[in-house]
Structure formats: C-alpha cells, structure tokens
Amino acid sequence: MISYRGVGVAFALSGLAGLGLAVVYILGGQPQWEGALLMVALGGIGVGLIGWAKQLYGDSEETDQRPVLPSAVEPRVAFATSLERSEEFSRRRGLTGLLAFAAGSLAVAALFPLRSLGPTPGGTLRRTSWRRGSRLVTEGGGEPLRPDSLGRGGIVTVFPEGVEADEDAATVVINVDPAQLGEGTNAEWVIDGNIAYSKICTHVGCPVGLYREPEHSLLCPCHQSTFDVLDGARVVFGPAPRPLPQLPLGVDDEGFLIALGDYPQPVGPSFWNRGR
Amino acid sequence: MFLRLLRWFDDRVGGARFGRQALDRIFPDHWSFMLGEVALYCFISLVATGTYLTFFFEPSVREVTYDGSYAPLQGVEMSAAYRSALDISFEHRAGLVMRQMHHWSALVFLASMTVHLGRVFFTGAYRRPRELNWLIGVTLLVSSIANGFLGYSLLDDLLSGTGLRVAYAITLSIPLLGPDLAFGLFGGEFPAESIIPRFYTLHVLILPAVIAVLLGAHLALVWRQKHTQFPGPGRTEDNIVGSRLWPAYAAKSAGLFFIVLAVLAGLGGLAQINPIWVYGPFRSGLAVTAVSSASQPDWYMGWLDGALRLWPGWEPTVGGYSVPNPFLPAVVLPGLFFTLLYLWPFLEARFTRDRRPHNLLDRARDAPTRAGIGAAVVAVYGVLFLAGSNDVTAGALNIAPERLTTLYRVLVFVAPAVAFGLTRRICRELGRRPVRPVAGMPTHTIVRTATGGYETVPDPESASAASSSSSGGEL
Ligand code: FES
C-alpha cells in the first residue's frame, strides 16, 4: 500500500510526464519516448487514484441485500394483460393476413439488393485467363519464356502475356530432368524439362512457391502442404486435398513456350460443385 | 453552487432517489472480477485510438507509388490503404504509437475477454439467473474476434493479404452457398477491389456498434442482477459484500482504467507489433517475397490456423459433389465449439438438475467435472494454437514439420483426455480438504440452545473437515 506521499509523487510524476510528452511532440516526436511518457502520465494517475482510495477505505467491506429478481405474481399478470390488449388487432383476420403479406413481400424485396454485393460466380471459379497460344511472362513483364530460359532446377512464376494481373493464372514453371518424370505427370505437356503447375495451393489458396530441388518438392508456406513436382504435383504431405493442376505447355513458331489451353481442372481451393 | 445545479436538474428530471441508490451500490472486490473491467477499458482504448487512426487511414485499393520517408519501399507500387498505414507509422507524429497501441489494445482486449470467460466458466457464474449474460458475453467474444481479424486485414500488407485469402477459401468451402457467399462478401473473385472499403465499414462502424450495444446490455444486466461473489465469512446467497460504488469502488476502477491505458501505451511505444513495412505490400500478392515469410495470424486466430494445418487432406465426394477440405476444420469445428459454448449453461443445468439461482460462486474444485471439461477445452486450444506455428517451432527445434504435425495430431486427442482426468482428480482431492485450512486455528460452532440462548462449541478436527467439504450438488 502506498502512503499519501506516494500518491502525491505518482500524480507529480504523471504531470511531469505529460509536460515531457508535449516537449517530445514539439521536438518532432519519437515513438519510444512518446510511449514511455504516455505510460508514466497515465500510470501515475492510475496508481495515485488506487493508492488514495486504499488509504481512505483500506479493504473495508460493506454489506447490502440483494434484490429479489422475479416480479410478484400480480404485476406479472397485469403486464401480460396489458400486452394482450393487442388482441383487438388480431380479431380482424383478413387485415392481419394482408399485413403479414405486405411485410413478407417487403422482406423478400429487401433480399434482392444483396445480389448486388457481388457477381454470380458462374464459371469464373473454373476458368483462368490462360488460352491456347498464351505466352508465359514473368510478373514484371519482359521477354516471354523460351524452353531454354531456365537452367535445370530453375523455377519462375509466370502469367499469361497481357493479363499479368490475373491472380488465378499464376503459374510456376520448373525445369526438371525429363527422365525422372513419374506416372502422375502428363509428359506431353513437358517441354525440354519445363513443367508448369498452378501456383495457387489447392488447400486454401496461398501461393505455393518454395522449391526444394533435392526432393523435387514444392512447398506451400501457409500450412506446409508439399507437392511432388516430378509426379504430377501429387500431395506428399499436408492438408492439401488435391495435386496442383498441370498447365499444358507447347512451343509456338517463334520458339516461345505457350499454353495449349486453360488448366484442365479448376485451380485453387475447392468449392462444393467443382466436380460437376 | 453545486447543490443549486443539482436542484436545477432534479426539478426537471428527478431521480435523486435513483442517484442515491446508484452511488450506494456495492461491488464485490476480487482480482478476478477485474478481468471484465480490463476488457472494457481496452475497448475504450480501441475506440479512442481507432478514431484517431480513421483521420489518416485511406481504405482504398487505388494503386499509388510510394514516395514517403521509408527508404526501402520508395518507388514501390502499392495500394493507397497500405501507403496510408505507412504514413501513419512514419510521417504523422505519434501515429506509430497510436497504431501500435490500437493493435496491442485489440490483443489485450481479446486476451482479457478470454480469461474473463474462463473465470466465469470455472466459477459457474453463468448459472441461473445469469444465463442471458453468458449468451451476450459469448456474442461479444465472437464479434470481437471477427472485428480483430477485419482490423488487421485492412492494412493490405502481405501478411494480412494471406489471412484474407484464407478467409475467402474458407467461405468458399461451404457446401451449396460457398461460392455465392464468398463472392457476395468479397465483392467477386479474390482479391476483389471492394474488400478493403467494405471491411472498413464493418470494422469501424457495424461491428463496433454491435460490440458497444452488447457491452451496454452486459453491464446493464450486471447492474440489475448484481455481481456474484465468492463464498466467505458473512457472504450468503442473499447479500452482497464489497466496496461502495461512490467513491471507493469508482476511484479504484478509474485507477484501473488509467493503469490499463498506461500499459497499452507502454506496449504501443516500446513493443513493436505488426511492422507492416517489413512484410511489404500485398499488391498482386504473389510477389516472390510471399514464399519465404512464415505467416502467423494474431493469437486469437491461431487455433483456426492450427486446425487447418492438422486436418488431413481429405475431401470426400457425395454424389459427385465435394465436401471441400477446409469446411470441416474451419467451419464445422468452430461452429460446433461456439454452439456448445452458447448452450453450456443450459446443458449443465440439465445434467446436474441444478436450476436454483446462484449468487455465490463455485471454486473450480467444487465442480470437478466442469473443471475437467474446461481444462480439456484449454488443452485442445493449446495444441491447435501450437500447431498454428508448427513451421516456426520446427525451424527452432530443427526437426521436420512433418514429424511435429504427426505429434500434434496425436496430442490433440491425448492432451484433452489427460487434462480432463488430471484436473478432475486434483479437484476431487482438493474438495476433500477443508476450505482454506488455517493451521492451528481452533474452529467453533455457535449453537442455539433450547432456551433461546447461544453457546459456543469447539469443533473436533474431523468434523470441521467434513462439514466444510463440497456443499451442494457436484457437477
Ligand atoms: S494454403 Fe497451401 S497448405 Fe494451406
């Protein structure tokens, strides 16, 4: 317990800290000093008040009776009776029915603006902006990818040329040894070891992007789902329920890598009717 | 002068009697009763610092180029929201303190609410007549968690972008409604333009209003029903023992208010929190930096992240339709948990058949099964929370995250079972002992004699132990 003198010291310190705060502010501000001084200014008042109250009242306690919460029977009945006055309204059946109709249709009408909150999903969840012939460019733009742009073990994030802002289309291209490809991979879509998978994790959609070359696995930073790059991005570990979809790759006349079309399955996290 | 003013008001409004009764009210003192107060004061701090932040924050995804004083990001393209958050941190005087104080207040707000919930649970304070206030309290917790999440999602930095993405995928995973709900909530396919302004309205207007109204109702009910108290000498079901509201309790509570604010200000100035400039802007979100940074949500969302991590990669299909993987751990599990939490007072009343009003609190040991269930929930929560940062732990301990995940998958079942058994056992042991045994103190019973006089009879040691052990029905 602090003495009256202590209470005085606390208030005085608080006052000085308040002035100090003003000085710091005028001098251009400094977060640590501001926080510390604010703490002293506020804390001084708090400590002082509690100390003062304890000096005056100590831990003395007083006793009071609790009220009886439930009302007596009589007022309860009286309340119910007053409430039931509304029965005068319900006697006209036809009118109450019409009122219910009016209120109901108003409620239904009010539901429609909800539709404006967002577009109908339609097919957008199943499509990305990859088209037959889309070239592969990195986010910063620049020269489209060629089959020899990546060294063995190289990895790069690409988008369809012209629509670099489409998140859904984010794709990782990794250069692997074609001789090691497993069953799960569609080898026809692998060009000179370049293999392309959707970058959107099939779990809850984080960008998958950590490539461990020795184990040829792609790792999602969010919940550690791990995909085997050589085997059709099969899930080796973690909560992801499905492999990453593989993008069909080809080469155009000018020797650039292109997509042969959109992803064969919807990319990213699941939704209930994705199989339909 | 003061009296004249008082008379002026009372002539017009009346209410002197009410005022007198209010000032004379008794509030019980116990350190654990301050937890709710701490939460209230954090909310006040949140409103104050938050209002200040709205003066400078720009809730827009309009693309801008940064030219402020933080050199590493100069020339970088970002959203106006992220830039204004940087400006609050670097350009506006005391802006960083306000921002960090706001964030800390949110963390402490939810922490004190959670501990308060635990206090109310373990002491059985929710029993009749206080079931209504339990329902309001749980709703307060849910709305506050939601608002906390919305709050740190507004800054449009890389970390919060990840959080939003997860929230979107969870919404999307709901059978039948998912895609429409997600598109309606986010304004289109992720990342839609309207997320930030929309969530801003929810964060600064709708949810704070909900919280404020519920808080008012919560306090009004405490006022009406009066606070519970722990059993002790002179305390019965029908009385209330403590300090008078005016001025003893008011002074102490005001003191607590200033101390809570002081701690939050100290944290805000001295302990760095959510350094968004380190994370970088979200922008298209697929920036290469995304892959290297571990993403941990704020603590109150950690358990959800942990559940997502531990859930195996199942995705059953029913008649060609899939039940998306995140649906069970991230929608059904929390839904179930909060439903049970809401229903708890009624479930307990049904199982114990105890429907009497209670103004005296239990100590945890008085209800060993309740305490056991509480401990089991805390254990599950703890394991999920740890699992939410398994990559960090794995890195620190230098073991494969795979092994850690397997361990947690086992622990999430074992830990609550052990916690339940152990806690119940300990409570039963403690319950057998006398209440707060004081060594060497003789105990006496006052007996009313047949003639109407009183007589003091010293208790034998054993009798005192038996009489004071668990009274009332055991849960
Ligand atoms: S989002 Fe990739 S593992 Fe969860």
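The values are calculated or read from the model by the stated rules, or taken from the named source; none is laboratory data. Keep in mind it's a predicted model, so treat the numbers as computed, not measured. FYI the Cβ positions are ideal-geometry reconstructions off the backbone, even for glycines, and counts take in every protein chain you see. Note: areas computed on protein heavy atoms with side chains; ligands, DNA, RNA excluded. Shrake-Rupley method; radii C 1.70, N 1.55, O 1.52, S 1.80 Å.
Check B:Leu154, B:Leu172 and return the single one that is surrounded by 23 or more Cβ atoms within 10 Å (Cβ to Cβ), within 30 Å of B:Asp87 (Cβ to Cβ) and either modelled with pLDDT of 90 or more or within 13 Å of another protein chain (Cβ to nearest Cβ) (or both). Answer to the selection: B:Leu154. Scanning the stretch B:126-151 for residues that are part of a loop (DSSP other than H, G, I, E, B) and surrounded by 22 or more Cβ atoms within 10 Å (Cβ to Cβ) yields B:Tyr126, B:Arg127, B:Arg130. Against the definition (within 32 Å of the chain's Cα centre (by Cα) and either more than 14 Å from the ligand (Cβ to nearest atom) or farther than 30 Å from B:Ser160 by Cβ (or both)), how does A:Pro266 come out, yes or no? Spelling it out, A:Pro266 is indeed within 32 Å of the chain's Cα centre (by Cα) and either more than 14 Å from the ligand (Cβ to nearest atom) or farther than 30 Å from B:Ser160 by Cβ (or both). When residues in the stretch A:35-61 are screened for being part of a loop (DSSP other than H, G, I, E, B) and within 7 Å of another protein chain (Cβ to nearest Cβ), 1 of them pass. Residues in the stretch B:32-40 include none that are at pLDDT below 95, touching a Lys or Arg at 6+ places or on another chain (Cβ under 7 Å) and open to solvent by 20 Å² or more (accessible area, probe 1.4 Å). The set of residues in the stretch B:113-125 being in a helix (DSSP H, G or I) and in contact (Cβ under 8 Å) with a residue 24 or more places away in the chain consists of B:Met113, B:Thr114, B:Val115, B:His116, B:Leu117, B:Gly118, B:Arg119, B:Phe121, B:Phe122.
Anything in the stretch B:371-422 that is of a type outside the set (A, V, I, L, M, F, W, C) and farther than 21 Å from B:Asp298 by Cβ? List them, or say none. Walk me through how you get there before you give the answer.
Narrowing the stretch B:371-422 to residues of a type outside the set (A, V, I, L, M, F, W, C): B:372, B:374, B:381-382, B:388-391, B:393, B:395, B:398, B:401-403, B:405-406, B:408-409, B:416, B:421.
Result: B:Gly372, B:Gly374, B:Asn398, B:Pro401, B:Glu402, B:Arg403, B:Thr405, B:Thr406, B:Arg409, B:Pro416, B:Gly421.
Taking residues in the stretch B:239-252 that are more than 7 Å from chain A (Cβ to nearest Cβ) and assigned to a strand (DSSP E or B), and partners anywhere that are modelled with pLDDT of 95 or more and surrounded by fewer than 16 Cβ atoms within 10 Å (Cβ to Cβ), not one pair has Cβ atoms closer than 9 Å while being at least 6 places apart or on different chains. For the stretch A:172-191, does any single residue satisfy the condition of being within 9 Å of another protein chain (Cβ to nearest Cβ), out of contact with any helix residue (DSSP H, G or I) (no Cβ under 7 Å at 6 or more places or on another chain) and over 22 Å from A:Arg126 (Cβ atoms)? Within the stretch A:172-191, none of the residues are within 9 Å of another protein chain (Cβ to nearest Cβ), out of contact with any helix residue (DSSP H, G or I) (no Cβ under 7 Å at 6 or more places or on another chain) and over 22 Å from A:Arg126 (Cβ atoms). Does A:Val156 qualify as being away from the ligand (no atom under 16 Å from the Cβ), within 11 Å of chain B (Cβ to nearest Cβ) and open to solvent by 10 Å² or more (accessible area, probe 1.4 Å)? Yes; evaluated as a whole, the condition is true for this residue.
Hey, can you tell me all the residues within the stretch B:376-433 that are among the β-branched types (Val, Ile, Thr) and under 24 Å from B:Ala111 (Cβ atoms)?
Let us first name the residues in the stretch B:376-433 that are among the β-branched types (Val, Ile, Thr), namely B:377-378, B:380, B:383, B:392-393, B:399, B:405-406, B:410, B:412, B:414, B:418, B:423, B:426.
If the condition is that a residue be among the β-branched types (Val, Ile, Thr) and under 24 Å from B:Ala111 (Cβ atoms), then B:Val377, B:Val378, B:Val380, B:Val383, B:Val392, B:Thr393, B:Val412, B:Thr423 are the ones that fit.
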